[in-house]
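Structure record follows, encoded as structure tokens.
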There are 2 protein chains.
Amino acid sequence: MSLNLSDKALNEPAARLMARCDALAEISSDPTSLSRFYLTPEHRRVNDQVAEWMQAAGLKTWEDAAGNLWGRCVAADPAANRTLVLGSHLDTVPNAGRYDGMLGVLTALSAVEQLQAAGVRLPFHIDIVGFGDEEGSRFGTTLLGSRAVAGTWQDAWWELTDAEGVSLHSAFEQFGLDPAKIGNAARSSEALLGYLELHIEQGPVLEQRNEPMGVVTAIAGARRYQIELTGYAGHAGTVPMAMRQDALVGAAEWILAVERAAKEFDVVATVGQCQAQPGGVNVIPGAVQLSLDIRSGDDRRRDEALESIRGSMARIEQARHLSSQWREIHNAPAVACADWWQQLQCAVLSELNLQPLCLMSGAGHDAMAMAEIADCAMYFVRCKGGVSHHPDEAIQQADLIPAIATMTQTLIRLAQRFTD
Amino acid sequence: MSLNLSDKALNEPAARLMARCDALAEISSDPTSLSRFYLTPEHRRVNDQVAEWMQAAGLKTWEDAAGNLWGRCVAADPAANRTLVLGSHLDTVPNAGRYDGMLGVLTALSAVEQLQAAGVRLPFHIDIVGFGDEEGSRFGTTLLGSRAVAGTWQDAWWELTDAEGVSLHSAFEQFGLDPAKIGNAARSSEALLGYLELHIEQGPVLEQRNEPMGVVTAIAGARRYQIELTGYAGHAGTVPMAMRQDALVGAAEWILAVERAAKEFDVVATVGQCQAQPGGVNVIPGAVQLSLDIRSGDDRRRDEALESIRGSMARIEQARHLSSQWREIHNAPAVACADWWQQLQCAVLSELNLQPLCLMSGAGHDAMAMAEIADCAMYFVRCKGGVSHHPDEAIQQADLIPAIATMTQTLIRLAQRFTD
């Protein structure tokens, strides 16, 4: 079983894939930017458009009980009892780029189109999914679509409301869905061969290494904190330096300690929020609001770095007569991609004369939710400057040739592995 | 010429002075806090109340063309051609304390009351002034009262407006003043023996040193900047530490450099504003808004420290691939208190068995404006925790005994110097 995955043969599929990303970018609640949220009229329109393309490729399509769009490429034996799920999400952040999510759904479709065109039939079904919510833009909670599929939906979510006060429960009904049937969206773990998601990197590593594709080893576990560091405000002219309890100078020392610890423990750690209070030009800061986001593919290393960072804060507090309060606002463990998947992916990349570059995903993805019910895998595609969640998000059409080739060849090698 | 300046003799004057501060604190535009602004009905009421006390002490009172209140204690020879000005301001910041400004006007009155009670006449007139605006709370520009007296009023100020859009020009008319006559408020330099202002320290030094009073050597010159430090925003999970251009980590390094330079050059320097942009928990800061306030009694030393601070920024920009923009928003030279005044003040403190503790004023005062037309001097009085511009601003009644004694004795020693 082999296909023509040459640049020449994939030029036109790559152009069509690029054009489909452009077409979906027109489906937005905002005429001047791309904003497409869960259970809105734009969600309906994007599902309808993608379903039309799926049907044109011979896929049977349906929407599940959570509004996720599915398209099935039936196995050689229609009674086959195993299914591979490919996909990503079709919703966006506000003022989004056009590849984050959509590229994964549409590249999966391109790969299936390659198989269909060549008359290749596989020993398992392929279900391509376009999740309705990954970003959490409308209801504040992420991964609603994939968590419904993973069977990890929580009843408490029904009370979540959007900016207009519409509950998730009402939004379901307005979209034509029955909240009571949410359980029907869950897929059975036994029937799943695995879950494979292609996504733009959202980081600069592939660009830096000059590689179009990479294999994801794990999705980082993240912990997040809101921190208030308190000192004593004072007059900027009248309090001598030695008598100050300047919360901002203490925060500055700690921010550098965060950077040092991240490098020492080989994790990523970010202070994204820093606001001095009261914030007068002529007032010594009495308090600073800070945030900390710390991630790693290895939870133990991440927690060791965190311990070091908290130790630094304690020393700074003592030396500068400050005090801090920490509130954990997020704590998610790392999700490892399946070893067998990574081996297969690396073999496919080598076979296609691409470097089998492995990297961690610092961002969250639907694969995190899907890992509850299936062995997961991800490919990353290079994006310009690592920019995402921004209209400047960009990819090169030329990179879609290896992307389609890799996805297609992965399906073929998986089929061989399955039948061996 | 000597007076009974014992604790016993001054107990009652100190209590009366405290009670007067309390009484003025009731004159406010806000029923729940002390807020008293220039050319308002509360300005009228505070002038009327202080004028009543001045008149009771035998002073001739008037309001000048800028709404400043004056009370004259006539010299032994009513035709004397030299005048000493004592005083401070009667306006406040919003939600103010009750001593900042008022204490200087009322302690001057207490000292004159001591002289009057003892029948002491001086060889010069004493004019006690209560300036109508020092804080700039209403029109944003400070020292309006004392700058009118110094003859440094600027015509451009007429267009200044308050929060309700009322111009300074209209406010003059509403207060019953004629803007065309503002020049009449200016006092002639030749006729002035000097200007002496008593004020709460607004800093913690006297409290730390356990002294009720201090002599001010200079009012610090201040330079202030708004600074934007720019890097490159990115995803907190996907950009490796080594590839970041994190503006906040650069800002942190610089904030510590500011502290080091302040200590090295013996100035005070404060970063009061620090706000990371865009400010997402999971976004690497692409920019930081910062402020810098740097002060010293010695302009040259201040500017050397500033040069060091700018050099640190340049090095950080280069090392971290950041760039900064600086905008100077304030630049005022230091104002030295007259040497002869400081000598006389120190002698008086020693004579009264007080430490002649000399300190710089980091805050601005009416004396800065008055220095244009008179040799200036200031006494500081200890205040609780160095707190000012806050309802918690506090002094001890016991400290008003040395305050009144010092002011009174200073007048007596000045008279001796004058007649020597």
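The values are calculated or read from the model by the stated rules, or taken from the named source; none is laboratory data. No experiment lies behind these values; they were computed from the predicted model shown. Using ideal geometry, Cβ is built from the backbone for each residue, glycine included, and neighbour counts are taken over all protein chains shown.
For the range B:208-243, give me the residue count where each residue is of a type in the set (D, E, K, R), closer than 30 Å to B:MET368 by Cα and not in a loop (DSSP other than H, G, I, E, B). Step through it out loud before you land on a result.
The first filter runs over the range B:208-243 and keeps only residues of a type in the set (D, E, K, R), leaving B:209, B:211, B:223-224, B:228.
Now restrict to residues that are closer than 30 Å to B:MET368 by Cα: B:209, B:211, B:223-224.
Narrowing the set further to residues that are not in a loop (DSSP other than H, G, I, E, B) leaves B:209, B:223-224.
Residues that pass the stated criteria total 3.
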So which residues in the range B:275-302 are facing chain A (nearest Cβ under 7 Å), over 29 Å from B:GLY237 (Cα atoms) and surrounded by 24 or more Cβ atoms within 10 Å (Cβ to Cβ)? B:ASP293, B:ARG295
In the range A:147-173, residues that are of a type in the set (Asp, Glu) and assigned to a helix (DSSP H, G or I) total 3
Could you please find all residues in the range B:61-81 being out of contact with any Asp or Glu (no Cβ under 9 Å at 6 or more places or on another chain) and either modelled with pLDDT under 95 or surrounded by fewer than 19 Cβ atoms within 10 Å (Cβ to Cβ) (or both)? B:TRP62, B:VAL74, B:ALA76, B:ASP77, B:PRO78, B:ALA79, B:ALA80
As an exercise: evaluate B:VAL149 against (1) under 25 Å from B:CYS376 (Cα atoms); (2) in contact with a Leu (Cβ under 7 Å, 6 or more places away or on another chain) and give the number of the one condition it does not meet. (2)
Specify which of the listed residues (B:GLY119, B:GLY136, B:GLY97) is free of Cβ contacts under 8 Å to residues at least 40 places away in the same chain and out of contact with any helix residue (DSSP H, G or I) (no Cβ under 9 Å at 6 or more places or on another chain). B:GLY119
Among the residues of the range B:213-224, is any farther than 30 Å from B:THR410 by Cβ and within 9 Å of another protein chain (Cβ to nearest Cβ)? yes
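Check B:LEU198, B:LEU229, B:LEU206 and return the single one that is within 14 Å of chain A (Cβ to nearest Cβ), under 20 Å from the mean Cα position of the chain (by Cα), crowded, with 21+ Cβ neighbours inside 10 Å and at pLDDT 95 or above.
Working: B:LEU198 fails: within 14 Å of chain A (Cβ to nearest Cβ); B:LEU229 fails: under 20 Å from the mean Cα position of the chain (by Cα).
Among B:LEU198, B:LEU229, B:LEU206, only B:LEU206 is within 14 Å of chain A (Cβ to nearest Cβ), under 20 Å from the mean Cα position of the chain (by Cα), crowded, with 21+ Cβ neighbours inside 10 Å and at pLDDT 95 or above.
State whether the residues of the range B:182-189 include one that is assigned by TED's automatic domain parsing to the domain that holds B:ARG310, part of a loop (DSSP other than H, G, I, E, B), surrounded by fewer than 21 Cβ atoms within 10 Å (Cβ to Cβ) and out of contact with any helix residue (DSSP H, G or I) (no Cβ under 9 Å at 6 or more places or on another chain).
Here is the first cut: in the range B:182-189, the ones assigned by TED's automatic domain parsing to the domain that holds B:ARG310 are none.
Scanning the range B:182-189 turns up no residue that is assigned by TED's automatic domain parsing to the domain that holds B:ARG310, part of a loop (DSSP other than H, G, I, E, B), surrounded by fewer than 21 Cβ atoms within 10 Å (Cβ to Cβ) and out of contact with any helix residue (DSSP H, G or I) (no Cβ under 9 Å at 6 or more places or on another chain).
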Looking at the range B:347-378, which of the residues that are in a helix (DSSP H, G or I) and within 21 Å of the chain's Cα centre (by Cα) is surrounded by the most Cβ atoms within 10 Å (Cβ to Cβ)? B:ASP366
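Residue-wise test of (1) farther than 22 Å from A:ASN331 by Cβ; (2) buried (at least 22 other Cβ atoms within 10 Å of the Cβ); (3) out of contact with any strand residue (DSSP E or B) (no Cβ under 7 Å at 6 or more places or on another chain).
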residue: A:GLN114; (1), (2), (3): yes, yes, yes
residue: A:ALA118; (1), (2), (3): yes, no, yes
residue: A:GLU134; (1), (2), (3): no, yes, no
residue: A:GLY165; (1), (2), (3): yes, no, yes
residue: A:SER170; (1), (2), (3): yes, no, yes
Report whether or not A:GLY272 is facing chain B (nearest Cβ under 7 Å) and either more than 28 Å from B:ASP293 (Cα to Cα) or modelled with pLDDT of 95 or more (or both). yes
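Look at B:ALA66 and say whether it is assigned by TED's automatic domain parsing to the domain that holds B:LYS181 and in contact with a His (Cβ under 7 Å, 6 or more places away or on another chain).
Numbers: assigned by TED's automatic domain parsing to the domain that holds B:LYS181: yes; in contact with a His (Cβ under 7 Å, 6 or more places away or on another chain): no.
It is false that B:ALA66 is assigned by TED's automatic domain parsing to the domain that holds B:LYS181 and in contact with a His (Cβ under 7 Å, 6 or more places away or on another chain).
Do we find that B:GLY176 is over 30 Å from A:GLY385 (Cα atoms), under 16 Å from the mean Cα position of the chain (by Cα), of a type outside the set (D, E, K, R) and assigned to a loop (DSSP other than H, G, I, E, B) in this structure? Before you say what the answer is, go through the steps one by one.
Numbers: over 30 Å from A:GLY385 (Cα atoms): yes; under 16 Å from the mean Cα position of the chain (by Cα): no; of a type outside the set (D, E, K, R): yes; assigned to a loop (DSSP other than H, G, I, E, B): yes.
Criteria not met by B:GLY176.
From the list A:MET360, A:MET368, A:MET378, pick out the single residue that is more than 15 Å from A:GLY214 (Cα to Cα) and within 14 Å of another protein chain (Cβ to nearest Cβ). Before the answer, list the steps.
Details: A:MET360 fails: more than 15 Å from A:GLY214 (Cα to Cα); A:MET378 fails: more than 15 Å from A:GLY214 (Cα to Cα).
Among A:MET360, A:MET368, A:MET378, only A:MET368 is more than 15 Å from A:GLY214 (Cα to Cα) and within 14 Å of another protein chain (Cβ to nearest Cβ).
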Looking only at residues in the range B:240-261 that are crowded, with 24+ Cβ neighbours inside 10 Å and within 7 Å of chain A (Cβ to nearest Cβ), which one is farthest from B:ALA287 (Cα to Cα)? B:ILE255
Only one of B:ALA23, B:ALA57 is touching an Asp or Glu at 6+ places or on another chain (Cβ under 7 Å) and farther than 30 Å from B:LEU160 by Cβ, namely B:ALA57
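Every residue in the range A:345-395 that is free of Cβ contacts under 8 Å to residues at least 24 places away in the same chain and farther than 30 Å from A:ALA191 by Cα, please.
Residues of the range A:345-395 that are free of Cβ contacts under 8 Å to residues at least 24 places away in the same chain, as a first pass: A:350, A:353.
Selection gives A:ASN353 alone.
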Just a yes or no: is a residue in the range B:37-53 surrounded by fewer than 19 Cβ atoms within 10 Å (Cβ to Cβ), of a type in the set (Lys, Arg) and modelled with pLDDT of 95 or more? yes
Evaluation of B:SER388 against (1) under 19 Å from B:LEU17 (Cβ atoms); (2) modelled with pLDDT of 95 or more (one fails), failing number: (2)
